[in-house]
Amino acid sequence: MTGPKSSERGAALLSVLLMVSILTVIAATTLDRLAIATKLSGNGNSLTQARMFSYAAENLASTRLEDLLARDAAQTTLEGNWLGKEQIIPIPVGSASATVRDGANCFNLNSLVIETEGRFTQSSIGQEQMVSLMVVLGINENAARPVAAAAADWADSDSIPSPAGAEDDAYQSAATPYRTANRLFAHPSELRAVKGVSPALYAKLRGWICALPEAKLSPLNVNTLLPEQAPLLAMLFPPGQFSPITARSYLAKRPASGYGSLIRFWGAPEMASIEASSPVQGQVKLTSTYFLLRTKVSVGELMLEGESMLAAKSGQVRLIWRSWGEQL
């Protein structure tokens, strides 16, 4: 009996090597998938823990805000160094911090409209204040007015464009056609969808705008308005009427205990020389209703950043909305 030919032995050896290679690839793929599954499971657990700690931070912030507001129902001031200061929160694993700021010291995009019997119609005062803010921030007035008009059209209930605004027809020619919301802004980022709002323009506005859940003029608390937020005080008046430099100087010399009364605020020389309309006088406050909470929670390799809007009503603080972002 003769043995297998050398070519047959070579083919058999090649088949064995091929099978070994396939098994090696399968084993490597299996181990890789197992490692990924383990990683995903670990990240999922870390994310769950981070969100639980974020909830705890919300509850803690709400309790502290209730205590703060209960101390003086007539005024919300900066006393206690609570505004904008990062607070470290002890947790069993990782790290957590929370920062609270006045959530209404901003331009409320929903002040572009007013509510009447369940429908939203445009507010000329809201539009004028948005234009004034943009001009203070260095945006040309000729570019600012169409943006304010289009933003008002976005939030009002009808589908009829204002003379300088934009309704559905203006968005149908986009690469991905869409329609106006015809409802209140849910988040300031929604402004990016409005006609005329370029990435550069939105970047200038982002830190100055908000979307409060009511169609009312921005309720600015002049007791918590920081000097660097002077453009918000200047926006209460037509473009160029009140210098942000004067506004900044006035806020910088505010008493540590707050103005105490609106008569004192409006009676100062800086303000007495400017005639404020009744709606503008009504939107200036000494107390705060909305608060923005920003949290950072780190668990393992995961960092969870959260943002929550809290509202104080009748002595109690409740959650309006929250959002999260994860960084791995």
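Rounded to the nearest 10 degrees, the inclination of helix 124-136 to the longest alpha-carbon principal axis of the chain is 70 degrees.
Could you work out the local net charge near W154, counting Lys and Arg as +1, Asp and Glu as -1, over the other residues with Cβ closer than 14 Å to its Cβ? Cβ neighbours under 14 Å give a net charge of -3. Database remark: amide H of T287 closer than 5 angstrom to the amide H of T76 (H placed geometrically; neighbours at sequence offset of 5 or more, or on other chains; Pro and chain starts carry no H). Separation of segment 272-326 from segment 103-164 is 21 Å, based on Cα centroids. For the listed residue pairs K253/K285; K85/K195; K216/K296; K253/K313; K195/K313, the alpha carbons are over 27 angstrom apart in K85/K195; K216/K296; K253/K313; K195/K313. Normalised by 2.2 N^0.38 Å, where N is the number of residues, the C-alpha radius of gyration of the chain stands at 1.44.
From most to least packed by mean Cβ count within 10 Å, the peptides 150-158, 223-231 give 150-158, 223-231.
Does segment 107-283 come out rounded, prolate or oblate, given a ≥ b ≥ c as the square roots of the eigenvalues of its C-alpha gyration tensor, rounded meaning a/c under 1.5 and, failing that, prolate meaning a/b above b/c? Prolate is the answer for segment 107-283, as a/c is 1.5 or above and a/b outweighs b/c. For segment 213-225, 3J(HN,Hα) computed residue by residue from phi via the Karplus equation (6.51, -1.76, 1.60; θ = phi - 60°) reads x, 7, 8, 9, 4, 3, x, 6, 8, 6, 7, 10, 5 Hz, glycine and proline entered as x. Between the helical axis of 141-155 and the longest alpha-carbon principal axis of the chain there is an angle of about 70 degrees.
3J(HN,Hα) along segment 50-67: 4, 5, 4, 5, 5, 4, 4, 5, 4, 5, 5, 4, 4, 5, 5, 5, 4, 5 Hz, from the Karplus curve 6.51 cos²θ - 1.76 cosθ + 1.60 with θ = phi - 60°, whole Hz, x for Gly and Pro. Among S54, S95, S123, the residue with the largest mean-square fluctuation in a Gaussian network model of the chain, with springs joining Cα atoms closer than 10 Å, is S95.
Among S159, S132, A175, which residue has its Cα positioned farthest towards the positive end of the charge dipole of the chain, with +1 placed on the Cβ of Lys and Arg, -1 on the Cβ of Asp and Glu, and the dipole taken about the Cα centre? It is A175.
Every helix of 4 or more DSSP H residues in the chain counts as -39500 (n - 2.57), and over all residues that averages to -13000 deg cm²/dmol at 222 nm.
Each reported figure results from applying straightforward, stated rules to the coordinates on display, with no laboratory input. Keep in mind it's a predicted model, so treat the numbers as computed, not measured. No Cβ is skipped: glycine too gets one built from the backbone with ideal geometry, and neighbour counts run over all protein chains shown.
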